[in-house]
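Bear in mind that the values in this text are calculations on the coordinates, not laboratory data. Since the model is a prediction, treat every value here as computed from it, not as a measurement. Counting neighbours? That spans all protein chains shown, and the Cβs are built from the backbone with ideal geometry, glycine included.
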Amino acid sequence: MANSLSSSLENIHPETARDAWRPENAARHIDAVLFDYGQVLSGPPDPAAWARLRAVSGLDEARLHEAYWKFRHDYDSGELNGKTYWEAVAAEAGVRFDEAQMSALRAADIDLWSQLNPPMVEWAGRLQRAGVKTGVLSNIGDAIGKGVVARLPWLAGFDHCGWSHAMRMAKPDPAIYLKTAEALRTAPDRILFIDDREVNVDAAAKVGMQTVHYTDQAAFEREMRERGLGWLLDAGQDGKGRAAGAAKAGCGAEQGAK
């Protein structure tokens, strides 16, 4: 890892290269970067997809919003699946969905979370080319997880993808972070975890991970540089790095050892 990180520092700003090896930053050494998927690697929910959910369900904004989120943790943690989740939403709203509606709702839900956040996707790719280990840890239901994996082949570039539904637990459960660290074969204090929800970031910090609460790209980059992690932001900018490898088994939607 030291050699790969050293080579990635060759063509970056001198001040950020110095930051990487300052004695006060030695304890901040990072061997892996762990990304949340929703609103970190992906962008905000797609308004057009949400409008489709409303149209297919026949529910107004307030009823759909309440029912959609009420059962989301159970969906993410694998207690519900793509069928039973939408049945629960319908029951809560006092309606019934037929099979055609259920299929359309599942498809729209995948689209809702499929808009990308290009700067973070591009940075993840540069980290991978520079030899830095990367992973994904996402609260996600089974139907959405399968849909996302099917349409985003670049997820195969991550060393490990932890999908909450397959792990049968969800953030901020402390166990999900420890299992992911184990799957990455990296000590928690050597992992930088990035999530858009503060409760998830706080839970990761409590198990020893280094963390960043992601709000927007400008704030993220500013915090990284202020914390002496500019060298990590700049990794892979020289275009050099390890050759692309085969797809990694840990990034399938059904992978459970996370």
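Too long at a 26 Å Cα-Cα cut-off: which of LYS83/LYS133; LYS146/LYS179; LYS83/LYS206?
LYS83/LYS133; LYS83/LYS206
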Legend entry - From phi via Karplus (6.51, -1.76, 1.60), per-residue ³J(HN,Hα) for the range 151-164 in Hz, x at Gly/Pro: 9, 10, x, 5, 4, 5, x, 7, 5, 7, 10, x, 9, 4
Legend entry - Hz values of 3J(HN,Hα) by residue in the range 123-130 - Karplus curve (6.51, -1.76, 1.60), Gly and Pro given as x: 5, 4, x, 5, 4, 4, 5, 7
Inset, instruction - Can you check what the net charge comes to around LEU116, using other residues whose Cβ is under 13 Å from the Cβ of LEU116 (Lys, Arg +1; Asp, Glu -1)? - result: -2
Inset, instruction - Would you kindly state how much longer the chain becomes between GLN115 and GLU221 on full extension, computed as 0.36 nm times their sequence separation minus their alpha carbon distance, in nm to one decimal? - result: 36.1 nm
Inset, instruction - Please give, to one decimal in nm, the separation of the simple spin-label points placed at ARG168 and ALA91, each 7 Å out from Cα toward the Cβ. - result: 2.1 nm
Inset, instruction - Would you please classify the overall shape of the range 47-112 from the alpha carbon gyration tensor, given that a ≥ b ≥ c denote the square roots of the eigenvalues, rounded means a/c under 1.5, and beyond that prolate means a/b larger than b/c while oblate covers the rest? - result: rounded
Legend entry - Rounded to whole Hz, the Karplus (6.51, -1.76, 1.60) HN-Hα couplings of the range 108-116, x for glycine and proline: 5, 5, 5, 4, 4, 10, 10, 6, 9
Legend entry - Unit Cα scatterers, Debye sum, the range 120-224: log10 I(q)/I(0) for q = 0.19 Å⁻¹: -1.07
Inset, instruction - Take TRP154, TRP163, TRP69 and order them by how many other Cβ atoms sit within 10 Å, fewest up front. - result: TRP69, TRP154, TRP163
